[in-house]
Amino acid sequence: MAKLKQLRPKLQTFKSAKPVAQLNNSWRDGKSSTKRGYGYKWQQYRLRFLQENPLCKFCKEQGKVTEATVVDHITPHQGDKQLFWETSNHQALCKFCHDSIKQKIEQNQTRWGECKSF
């Protein structure tokens with residue numbers, strides 16, 4: 001049996017002369033979830049909130065019944081502890097709505113009433 005020849009890669013890796021600078025614009029950079037406020041106290045609050053609000057708000061508005069798994073800050077708190085704990089700033093969402101629709105809303109790509117992605 002003939003021995004297989006080793007194939008050499010055809011693509012070369014790109015080596016930049018300049019170091020890649022990381023942007024540190026976010027209030028979250030370098031902080032653990034606990035340091036950002038999502039420790040034991042938040043986990044206990046989250047559990048109670050989801051027990052009281054078991055359905056995804058966005059899905060419910062579309063006539064769908066979906067279990068909520070995320071307590072979302074309607075207005076991003078960006079480290080503001082008062083806004084973080086403001087109960088009127090919380091809504092129950094499913095993971096899909098939080099990770100897709102809500103992200104588009106926050107990036108000003110759309111408004112909730114315009115979302116047709118599910």
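Tally up the residues in region 12-63 that are outside any helix (DSSP H, G or I), surrounded by fewer than 10 Cβ atoms within 10 Å (Cβ to Cβ) and at pLDDT below 95, please. Spell out the reasoning first.
Here is the first cut: in region 12-63, the residues outside any helix (DSSP H, G or I) are 12-39, 53-56, 62-63.
Restricting the remaining residues to those that are surrounded by fewer than 10 Cβ atoms within 10 Å (Cβ to Cβ) gives 12-25, 29-30, 32, 63.
Filter once more, so that each one left must be at pLDDT below 95: 12-25, 29-30, 32.
Of the residues in region 12-63, 17 are outside any helix (DSSP H, G or I), surrounded by fewer than 10 Cβ atoms within 10 Å (Cβ to Cβ) and at pLDDT below 95.
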How about region 75-106: which of its residues are in a helix (DSSP H, G or I), under 14 Å from the mean Cα position of the chain (by Cα) and of a type in the set (Ser, Thr, Tyr)? Ser100
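The values are calculated or read from the model by the stated rules, or taken from the named source; none is laboratory data. The model shown is predicted, which means the values in this text are computed figures rather than measured ones. All Cβ positions, even for glycine, are placed from backbone atoms using ideal geometry, and neighbour counts span all protein chains on display.
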